[in-house]
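A.B. asks: Quick one: this structure, given as structure tokens, is what I'll be asking you about.
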Amino acid sequence: LTMSVPLPALGATTKVCFVVTSDCSIATLSPLPYFTGTVTYPSGYPIVSESITSAAMNVGMPTLTVGSVSLNKTAALGASNTSAISINNSGYGKIDNIKVTITRPSSFVLDSILVKNSGNTLVYQQLTPTATTVVGANTIREYTLSGAALSPDNALISGETIRIYDSYTMPTGCATYNSQYQVEYLCAGGNTVCDKPITITDRTILGGGT
């Protein structure tokens, strides 16, 4: 990048600005990038040239990592149960809006959905579905996490983790049931960014014993 800037008057300051835009291919950056440059002055100026180095710049994209905290269980018929997943921002840049879609058999009776901090010591928010759809034998519930549901600073910044605790009453029929969590983060305006949704499966085996 080369820029020609008019020489300022004596004692005056000229500011040079430009915008750096990241793209979705940047997931991790180590170390963070910075700019170096050289300022060359016109002939006859007391200073021939000088070098500049900018501060480090965080231009990377957020990256979601979704893990199992409490999934894939064998349980008793009609019992209460809680499944849990963790959501971590392992990239750069903050996340302001996360969409979680939970697909469960309709025979599972939802009790509550809680968002907690990574240590399971603070409840950030109890969630209410933004949309509920029944497809075949399954119920699909969509949740939007933003503001206080993400953290006290209203965002999931680099390195932060939240947990979602999904409590429900299980059916009374012996079977193996598969449920799914789909997690994606949204940019301003509610449009999904270029990262594809992450899907994790919760397998529950119900039996009545002997």
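A.B. asks: Name every residue in segment 54-69 that is modelled with pLDDT of 90 or more and open to solvent by less than 50 Å² (accessible area, probe 1.4 Å), in order of residue number.
C.D. replies: Answer for segment 54-69, where residues must be modelled with pLDDT of 90 or more and open to solvent by less than 50 Å² (accessible area, probe 1.4 Å): Val66, Gly67.
A.B. asks: Go through segment 64-99 and report how many residues are closer than 15 Å to Asp202 by Cβ and of a type in the set (Lys, Arg).
C.D. replies: Residues flagged as closer than 15 Å to Asp202 by Cβ and of a type in the set (Lys, Arg) within segment 64-99 amount to 1.
A.B. asks: From Ser43, Ser51, grab the single residue that is in a loop (DSSP other than H, G, I, E, B), among the small types (Gly, Ala, Ser), at pLDDT 80 or above and more than 30 Å from Ile164 (Cβ to Cβ).
C.D. replies: Answer to the selection: Ser43.
The values are calculated or read from the model by the stated rules, or taken from the named source; none is laboratory data. Bear in mind that the values here come from a model prediction, so they are computed numbers and not experimental data. Neighbour counts run over all protein chains shown; Cβ positions are idealised from the backbone, glycine included. For accessibility, only protein heavy atoms count, side chains too; no ligands or nucleic acids. Shrake-Rupley method; radii C 1.70, N 1.55, O 1.52, S 1.80 Å.
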